[in-house]
Amino acid sequence: MGISTVAVHSEADASGYFVREADEAICIGPPASAQSYLQIERIVNAVKMTGAQAVHPGFGFLSENNDFAAALEAENVVFIGPGSYAIEVMGDKIKSKETALAAGVNCIPGDNRVIKDGDECVEVSNQVGYPVMVKASAGGGGKGMRIAYNDRECRDAFRLATNEAVSSFGDDRLFVEKFIEEPRHIEIQVLADKFNNYLYLNERECSIQRRNQKVYEEAPSVVVTDKLREIMGKQACDLASHVDYITAGTCEFLVDKNLDFYFLEMNTRLQVEHPVTEYITGIDLVEQMINVAAGKELPFKQQDIGINGWAIEARVYAEDPFKGFLPQIGILNNYREPFKNDKRIRTDTGIQEGAEISVHYDPMISKLIVHGKDEMKH
């Protein structure tokens, strides 16, 4: 696109692949993310120092932080993402559910009130009906979530979810909703511009998870019919419109065995698994995010969005199989990407051979994405 880039990095990432690929680089602090990548003021200062006109937050750290978006807006710097209001509303699970209901989106039965203690958690859970999911309002990434099948488990779930919510998000608010058994995790990719164009770019299935975190993703889903795709897509666009959403975003749903679906949450950022959507639609989501942020209108309409073949993404992690696949740190001694010249195979990574897998960051090494005519021909 001919755009010069600036990478901000911690001391630990000074020799990182993304740093070497950028035109300029600014160090913003020590390895710990709380002292670097989560420091809004330091990033804003880096923007001022380099004269950057826009910031793309990626899909981690401050990508869904409304204070960060607002800080950039205050400096007349473009945040390549939605407005701070949309981030604030959709980033809070209680507010987002209330907003989804107001927009006419199917929601999981439950109670949106903030639970104050274990006794109230049991009371509400009995009203909703077991099994229930006790969830952190500010949660994400599988943290602050516990399933309960009875009163005793409910009290334990409240205690454990509260502790995890405080340590992970600094927010102890919890709520209770019905736990959907044997669900499929289906998400709808939304893309919107500043001209009231709201499009859905089909679905991704993310049902294969471990510890409530996605491991494999595919597009399209084997269970979603054309009619279901249209209904889910329109509800996702209705929700986006309700909060004046712009750029790329994802509405996550649970789909049960009867193909009834329920809104789970909206991610107001680019998803890790976005490449599978790019493969089956031929649309570069990051390119469109940049163009939308620059004030351009989307160059296609809903009827132009098709499905070309099938795509699957697998996340490659540094883990110890002898310790329950827990994250493993150390030096990446050997790293080879498969079939680099095959357009049907794509590897997204931010590291290279000899890099350190640090205790400070996510242990994901890369993403392997493949594309074929159908699900069996990858």
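The values are calculated or read from the model by the stated rules, or taken from the named source; none is laboratory data. The structure displayed is predicted, hence computed values, not measured ones. As a convention, Cβ positions derive from the backbone with ideal geometry for all residues, glycine included, and neighbour counts pool all protein chains shown. Surface areas here come from the heavy atoms of the whole protein model, side chains and all, with no ligands, DNA or RNA. Shrake-Rupley method; radii C 1.70, N 1.55, O 1.52, S 1.80 Å.
Suppose we keep only residues that are farther than 20 Å from VAL370 by Cβ and modelled with pLDDT under 95 within the range 199-214. Which one would you say is surrounded by the fewest Cβ atoms within 10 Å (Cβ to Cβ)?
For the range 199-214, the residue satisfying everything is ARG211.
Going by the structure shown, is GLU297 part of a loop (DSSP other than H, G, I, E, B), among the acidic types (Asp, Glu), open to solvent by 20 Å² or more (accessible area, probe 1.4 Å) and out of contact with any strand residue (DSSP E or B) (no Cβ under 9 Å at 6 or more places or on another chain)?
yes
Taking the range 46-66 only, how many residues are surrounded by fewer than 19 Cβ atoms within 10 Å (Cβ to Cβ), free of Cβ contacts under 8 Å to residues at least 40 places away in the same chain and in contact with a strand residue (DSSP E or B) (Cβ under 7 Å, 6 or more places away or on another chain)?
2
Could we say that ILE331 is under 21 Å from SER366 (Cβ atoms) and open to solvent by less than 50 Å² (accessible area, probe 1.4 Å) here? Working first, answer last.
On the way: under 21 Å from SER366 (Cβ atoms): yes; open to solvent by less than 50 Å² (accessible area, probe 1.4 Å): no.
Against the criterion (under 21 Å from SER366 (Cβ atoms) and open to solvent by less than 50 Å² (accessible area, probe 1.4 Å)), ILE331 does not qualify.
Please verify whether GLU217 is in contact with a helix residue (DSSP H, G or I) (Cβ under 9 Å, 6 or more places away or on another chain), in a strand (DSSP E or B) and either acidic (Asp, Glu) or open to solvent by 10 Å² or more (accessible area, probe 1.4 Å) (or both), treating the condition exactly as stated.
The answer is yes for GLU217.
Tally the residues that are in a loop (DSSP other than H, G, I, E, B), touching an Asp or Glu at 6+ places or on another chain (Cβ under 9 Å) and of a type in the set (Val, Ile, Thr), restricting the search to the range 305-356.
So the count comes out to 1.
Among the strands (runs of 3 or more DSSP E) contained in the range 129-198, which hold 2 or more residues that are buried (at least 20 other Cβ atoms within 10 Å of the Cβ) and among the small types (Gly, Ala, Ser)?
Values: elements: 132-140, 143-148, 174-178, 184-192.
Passing ranges, in order: 132-140, 143-148.
Filter the range 250-297 down to the residues that are modelled with pLDDT of 95 or more, farther than 25 Å from GLY91 by Cα and out of contact with any His (no Cβ under 9 Å at 6 or more places or on another chain) and list them by number.
THR281, GLY282, ILE283, LYS296, GLU297
For the range 19-45, enumerate the residues that are in a helix (DSSP H, G or I) and open to solvent by 80 Å² or more (accessible area, probe 1.4 Å).
To start, the set of residues in the range 19-45 that are in a helix (DSSP H, G or I) comprises 19-21, 33-35, 40-45.
Result: ARG20, GLU21, GLN35, GLU41, ARG42.
Pairs, please: C-beta under 8 Å, at least 6 apart or cross-chain, first residue touching a residue at least 60 places away in the same chain (Cβ under 8 Å) and in the range 325-344, second open to solvent by less than 100 Å² (accessible area, probe 1.4 Å)?
As it stands, the answer is PHE325/ARG210; PHE325/TYR317; PHE325/GLU319, since those pairs meet every condition given.
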